[in-house]
Amino acid sequence: MRTILAFSMMVSLSLLCLYGCGGGGGSPVSMSVAGYLVDAGTRTPLGGATVSAQGQTIYSESNGYFTLTRLTRNPVVLTIRAAGHEDLSHSVTVVGGSMNVGTLALRPLHTPNTGNVTGYVTLNGAPAASASVVAGTREARTSSEGGFTLFNVPPGTVTLTAASADRVFMGSGQVTVVADTTVSAGTIQLISGPPPPPI
């Protein structure tokens, strides 16, 4: 009789441990991911873009800001879609319950028979952030590292005109654009006053 009673108690304890001691009965940890969405060329905010992860979808605000909450597992894979832009997939591992991924840039959809131009803008040897770069009707804005990309530029030899954010410093360059290809314009150096003629 004692043997049967002891066995029954052992079975009961085992079941309690299975269902109540780390056996999946607790609530999952909730995490959040936030950030900003911009156009990869103009650096303008992308409002109304969809950001999806783990079965939920939200829209970015007019300033490009988004935040996803109630995420339950790592890694978090963000799927981002905006009209006129290529879809973007971005994977992050959240540490400490929340994470700001900073600024995510979406590339405009490619227009056939046009090319892209990349390059850097510097001022006194340092990256020139938020500088404008213009080639014909196309315009780009530099990132915090001074880099820029002009998308969908018609092929041919084009002149690039760059200006600092306050438009005090100017610079220029020249590049030959090839259809359906990305070419580098190198580095454009800004100086005080009107831009010098391209070399």
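Evaluate Rg over Rh across segment 31-106, taking Cα atoms for both radii and Kirkwood's formula for Rh.
That ratio equals 0.95.
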(message) Suppose each label sits 7 Å from its Cα in the direction of the beta carbon; what would the Thr137-Asp87 distance come out to in nanometres?
(response) 3.0 nm
(message) Let me check I have the definition right: for segment 115-192, take the eigenvalues of the Cα gyration tensor, multiply each by 5, take square roots. What are those semi-axes in whole Å, largest first?
(response) 20, 11, 10
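Taken together, the values in this text are just the output of simple stated rules run on the coordinates, not laboratory data. Every value quoted in this text rests on a predicted model; they were computed, and no experiment measured them. In this analysis, Cβ positions are derived from the backbone assuming ideal geometry, glycine residues included, and neighbour counts consider all displayed protein chains.
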